[in-house]
1. Could you pull out every whole DSSP H run in the chain that spans at least 24 Å of Cα extent along its own axis and averages 0.0 or higher on the Kyte-Doolittle scale?
2. How much mean residue ellipticity at 222 nm does the chain get from its helices, if each DSSP H run of length 4 or more adds -39500 (n - 2.57) and you divide by all residues, to the nearest 500 deg cm²/dmol?
3. Listed highest first by mean packing, meaning other Cβ atoms within 10 Å per residue, what order do 141-147, 125-131 come in?
4. Heavy atoms only, probe 1.4 Å: what % of the accessible area of the chain goes to carbon and sulfur, would you let me know?
5. Which order do you get for Met215, Met49 if you rank them by accessible area with a 1.4 Å probe, largest at the top?
6. Where in region 82-99 does the label zone of Ile168 land, with the point 7 angstrom along Cα→C-beta and an amide N cut-off under 12 Å?
7. Counting only C-alpha contacts under 8 Å and six or more residues apart, can you give the relative contact order of the chain as a whole percent?
8. Using +1 on the beta carbon of Lys and Arg, -1 on that of Asp and Glu, and nothing else charged, what's the dipole of region 86-154 about the Cα centre, debye to 20?
Amino acid sequence: MRVLPSAEAIGIDVAETVLARIARARAAGKRFLLGCPTGRTPKPVFAAMARRLLETKQDLSHVVLVLMDEYLVEGARGELDYAPSDQPWSCHYFARVEIADRLNAAVPRGRQLEERSIWFPDPRDPESYDARIADAGGIDYFLLASGASDGHVAFNQPGSARDSRTRIIPLSEATRRDNLTTFPVFGALDAVPHHGVSVGIATIADARAAVMIVMGESKRETLWRMQRAERYEPDWPATIIHECAVGEIVSDLEAASRSADDLR
């Protein structure tokens with residue numbers, strides 16, 4: 001675990017790591033699969049990447065964005081389908097606007113992320129996502145974020161099995177409240193979808209390397225829970241960071257400033 005002064009400092013630090021790994025993959029002639037969350041936590045990372053890319057014009061054409069999840073809403077025939085991609089709280093919108101558009105604006109054509117290289121789990125066939133990832137060589141680096149109130153990762157709720165894979169998940173009220181905080185544009189808890197399609201705990205653990213980013217006062221408890229754990233604890237899914245082959249927790253001062261005694 002490392003503690004950095006601010007969210008901006010975390011963004012710069014993690015961005016340097018991601019871009020260095022992307023460059024090494026390019027030099028080796030390999031694709032680079034980057035596991036991505038949405039929401040507030042990864043924004044400083046993508047902002048720092050974009051600033052750096054303006055200077056370097058680094059090639060991103062071999063990068064695949066492996067999105068962790070997406071909200072599901074009821075379709076016209078009653079089936080669960082992706083949330084509308086034009087809604088600012090949808091993961092498709094975040095991937096396009098906050099990641100792809102931002103990074104691609106910093107590099108010339110021919111070096112940009114390709115639209116076909118932005119992946120999402122399919123609610124009609126969730127299990128195929130893990131197979132697709134495996135066939136592509138596996139996730140090289142996973143950016144992770146934890147829910148403040150219950151430690152959920154992606155849409156994996158407390159109680160998620162260690163061997164769980166990509167699947168449709170009913171969202172708990174705690175997770176939905178966290179998501180309302182992340183996306184105030186929802187307006188009210190009733191507007192937050194009740195289901196999502198999400199990678200599983202095992203999907204995350206299979207990554208070659210991962211970083212759990214923890215920022216802000218609201219994340220003090222999740223940081224303490226991760227520090228206290230030594231392995232995956234189903235009642236706090238963020239503890240999966242301990243079972244990644246190469247795992248790291250990076251926190252800002254606000255999240256790290258409260259003692260364990262205060263949280264008991």
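1. Numbers: long enough: 7-27 (30 Å, 0.63).
Passing helices, by number: 7-27.
2. Numbers: 10 runs with 83 residues, N = 264.
Value at 222 nm, helices only: -8500 deg cm²/dmol.
3. On the way: 141-147: 25.4, 125-131: 15.6.
In descending order of packing, they fall as 141-147, 125-131.
4. Details: 5530 of 11770 Å².
Carbon with sulfur: 47 percent of the solvent-accessible area.
5. Working: Met215 35, Met49 5 Å².
Largest accessible area first, the residues go Met215, Met49.
6. So the set is 82.
7. Working: 538 pairs, mean separation 58.8, N = 264.
That works out to 22 percent.
8. On the way: 7 positive and 12 negative charges, 74 e Å.
Here the size comes out at about 360 debye.
The values are calculated or read from the model by the stated rules, or taken from the named source; none is laboratory data. On a predicted model such as this, the values are computed, not experimentally measured, just so you know. We place every Cβ from the backbone using ideal geometry, glycine too, and count neighbours over all the protein chains shown. Protein only, heavy atoms only, side chains kept; ligands, DNA and RNA dropped before computing areas. Shrake-Rupley method; radii C 1.70, N 1.55, O 1.52, S 1.80 Å.
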